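Student: If you scroll down you'll find the structure; I have some questions about it.
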Amino acid sequence: MSDLTAMGKAAKAAGRKLAVLTTNQKNEALLAIAEEIERQADVVLAQNELDIAGGRSKGLSDALLDRLLLTPARMAGLAADTRHVATLPDPVGAELESRLLPNGMRLSRRRIPIGVLGVIYEARPNVTIDIATLCLKTGNAAIMRGGSETLRSNLALVNVIQAALEKVSLPETAVQYIDNPDRSLVTQMLKLDKYIDMIIPRGGSSLHRLCREEATIPVITGGIGICHVYVDASADLAQAVDIIENAKVQRPSVCNALDTVLVHPTIAADLLPKMAKRLAKSDVELHAKGTALAILQRNGHKATVVPAGPDDFDQEWLGLKLGVRVVADVGEAIAHIQDHSTEHSDSILTNDWQNAIRFVNEVNSSAVFVNASTRFNDGGQFGLGAEVAVSTQKLHARGPMGLEELTTYKWVCFGDGHIRP
């Protein structure tokens with residue numbers, strides 16, 4: 001279905017029904033989706049195999065293919081994540097504040113659904129389930145548009161969701177998918193302000209720029225991560241190597257993976273060869289500058305080392321490459337991050353409390369870490385359940401967008417024949 005106006009009208013109508021569901025009704029829908037994921041896992045995996053084969057024939061990178069891939073374990077994870085969302089507190093209807101006004105009226109502020117969310121995303125078919133489950137839990141309808149690389153997988157997952165909704169007597173149009181890969185439909189979607197209340201793009205800088213320039217709907221941008229780890233003079237070096245490896249290698253294709261390591265000069269000669277030796281096991285290519293390049297080139301660690309190019313510290317690598325630079329101190333590290341960061345995830349490794357607090361106060365990213373991997377900037381890791389995106393802007397949400405970030409509020413006032421004097 002790609003008649004966007006018809007989809008918008010249907011989503012608006014479905015959203016009104018979702019907005020008044022009880023928590024039990026929403027949880028029943030989520031549990032039905034989890035069961036349907038398990039029941040139709042083989043169907044979804046077969047469609048995903050076709051997407052993967054198509055991606056290989058187009059020469060997609062291994063990192064991108066990993067983002068496309070669904071496996072039996074990942075399908076089981078989607079079902080488990082969906083059940084977990086059902087256990088989370090329902091934010092809708094929560095009373096944020098209440099007070100009795102001097103004139104005797106009772107005023108309160110209540111959390112409500114946003115309405116209809118339009119989500120545009122690339123690759124990663126698991127996002128389809130994340131979006132649907134969080135929207136349903138918060139009483140929002142969703143119109144989704146995924147990447148062409150995973151069209152078959154996404155359509156199979158949406159069929160799973162809609163089959164579950166039908167089983168619990170909820171409108172299938174609560175979760176819809178634009179099945180036409182024509183990119184002009186994205187621009188049309190961005191103009192549906194009569195029906196869509198918020199747009200969330202999950203993709204590269206070109207998608208975000210398109211949304212900012214073309215949308216007549218509020219847009220929450222995020223997901224582009226140029227992420228840093230600064231290793232301070234007092235850091236535990238063994239711990240630092242472990243954290244750097246985790247942040248870079250565990251899932252190099254995701255937005256909270258590490259892109260640049262900054263190192264204090266007093267530990268550079270000791271840390272960098274150890275780091276390079278560890279990362280060489282995963283074939284990480286090091287793009288180093290100045291002192292870091294000199295240290296890495298004269299040590300027999302077997303890692304691939306190349307001189308950093310002029311734009312290498314502005315790269316979200318999404319693969320097995322890493323920028324490396326020596327900086328004078330925590331102040332220069334902060335300055336570098338302020339110049340190059342996308343305000344996603346940045347970390348300091350230190351045993352100096354004053355430097356840690358300075359870093360936390362001056363680095364203005366959506367998540368700032370002390371002695372921890374950047375990979376923790378994630379809704380599940382933060383205990384928020386799944387997420388629809390990681391917002392790097394300041395309004396209205398920032399960081400992992402879980403349940404509360406998919407709501408707004410309204411004022412409710414009870415009077416007794418009150419008229420304004």
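The values are calculated or read from the model by the stated rules, or taken from the named source; none is laboratory data. These figures come from a predicted structure and were not determined experimentally. Don't worry about glycine lacking a Cβ; one is built from the backbone with ideal geometry, like all the others, and counts go over all protein chains shown.
Student: Looking for something at pLDDT below 95, assigned to a loop (DSSP other than H, G, I, E, B) and assigned by TED's automatic domain parsing to the domain that holds R145 - is there at least one such residue anywhere in segment 15-26?
Tutor: no
Student: Still on this structure, I have one more. Tell me which of these E343 doesn't satisfy, since it passes every other one: (1) touching a Ser or Thr at 6+ places or on another chain (Cβ under 6 Å); (2) on the phi < 0 side of the Ramachandran plot.
Tutor: (2)
Student: Let me ask something else about it. Quick one: D236 ticks every box in (1) surrounded by fewer than 24 Cβ atoms within 10 Å (Cβ to Cβ); (2) touching a helix residue (DSSP H, G or I) at 6+ places or on another chain (Cβ under 7 Å); (3) more than 30 Å from I120 (Cα to Cα) except a single one, so which number is it?
Tutor: It fails just one condition, (2).
Student: In segment 252-301, which residues are free of Cβ contacts under 8 Å to residues at least 12 places away in the same chain and over 20 Å from F313 (Cα atoms)?
Tutor: Scanning segment 252-301 gives K281, R298, G300.
Student: Another question about this same structure. Sort out which residues of segment 196-214 are crowded, with 23+ Cβ neighbours inside 10 Å and either within 15 Å of C135 (Cβ to Cβ) or not assigned by TED's automatic domain parsing to the domain that holds A163 (or both), and write them in order of number.
Tutor: Hits for segment 196-214 are I196, I199, I200, R202.
Student: Can you find even one residue in segment 128-144 that is more than 19 Å from A14 (Cβ to Cβ), in the same structural domain as T407 (by TED's automatic domain parsing), buried (at least 24 other Cβ atoms within 10 Å of the Cβ) and not charged (D, E, K, R)?
Tutor: Scanning segment 128-144 turns up no residue that is more than 19 Å from A14 (Cβ to Cβ), in the same structural domain as T407 (by TED's automatic domain parsing), buried (at least 24 other Cβ atoms within 10 Å of the Cβ) and not charged (D, E, K, R).
Student: Still on this structure: For segment 26-48, check the following and say yes or no: at least one residue is closer than 21 Å to G319 by Cβ, buried (at least 16 other Cβ atoms within 10 Å of the Cβ) and acidic (D, E).
Tutor: no
Student: Give the residues of segment 290-304 that are outside any helix (DSSP H, G or I) and within 11 Å of P273 (Cβ to Cβ), sorted by residue number.
Tutor: R298, N299, G300, H301, K302, A303
Student: Is segment 141-151 home to any residue that is part of a helix (DSSP H, G or I) and either touching a strand residue (DSSP E or B) at 6+ places or on another chain (Cβ under 8 Å) or of a type in the set (D, E, K, R) (or both)?
Tutor: Taking every residue of segment 141-151 in turn, at least one turns out to be part of a helix (DSSP H, G or I) and either touching a strand residue (DSSP E or B) at 6+ places or on another chain (Cβ under 8 Å) or of a type in the set (D, E, K, R) (or both).
Student: If a residue has to be of a type outside the set (D, E, K, R) and either in a helix (DSSP H, G or I) or under 18 Å from Q239 (Cα atoms) (or both) to count, how many in segment 350-367 make the cut?
Tutor: Residues that pass the stated criteria total 10.
Student: Consider S347 carefully, then state whether it is touching a residue at least 12 places away in the same chain (Cβ under 8 Å), surrounded by 13 or more Cβ atoms within 10 Å (Cβ to Cβ), part of a loop (DSSP other than H, G, I, E, B) and over 13 Å from the mean Cα position of the chain (by Cα).
Tutor: In short, no.
Student: For segment 60-88, what are the residues that are outside any helix (DSSP H, G or I) and either at pLDDT below 95 or surrounded by 13 or more Cβ atoms within 10 Å (Cβ to Cβ) (or both)?
Tutor: Result: L60, S61, L69, L70, L88.
Student: For segment 309-330, give me each residue that is surrounded by fewer than 17 Cβ atoms within 10 Å (Cβ to Cβ), over 21 Å from the mean Cα position of the chain (by Cα) and touching a residue at least 24 places away in the same chain (Cβ under 8 Å).
Tutor: Passing the criteria: A328, D329.
Student: Against the definition (in contact (Cβ under 8 Å) with a residue 24 or more places away in the chain and not in a helix (DSSP H, G or I)), how does H396 come out, yes or no?
Tutor: Yes: the conditions hold for H396.
Student: Would you please name the residue that is surrounded by the fewest Cβ atoms within 10 Å (Cβ to Cβ), looking only at residues in segment 89-108 that are in contact (Cβ under 8 Å) with a residue 12 or more places away in the chain and small (G, A, S)?
Tutor: G104
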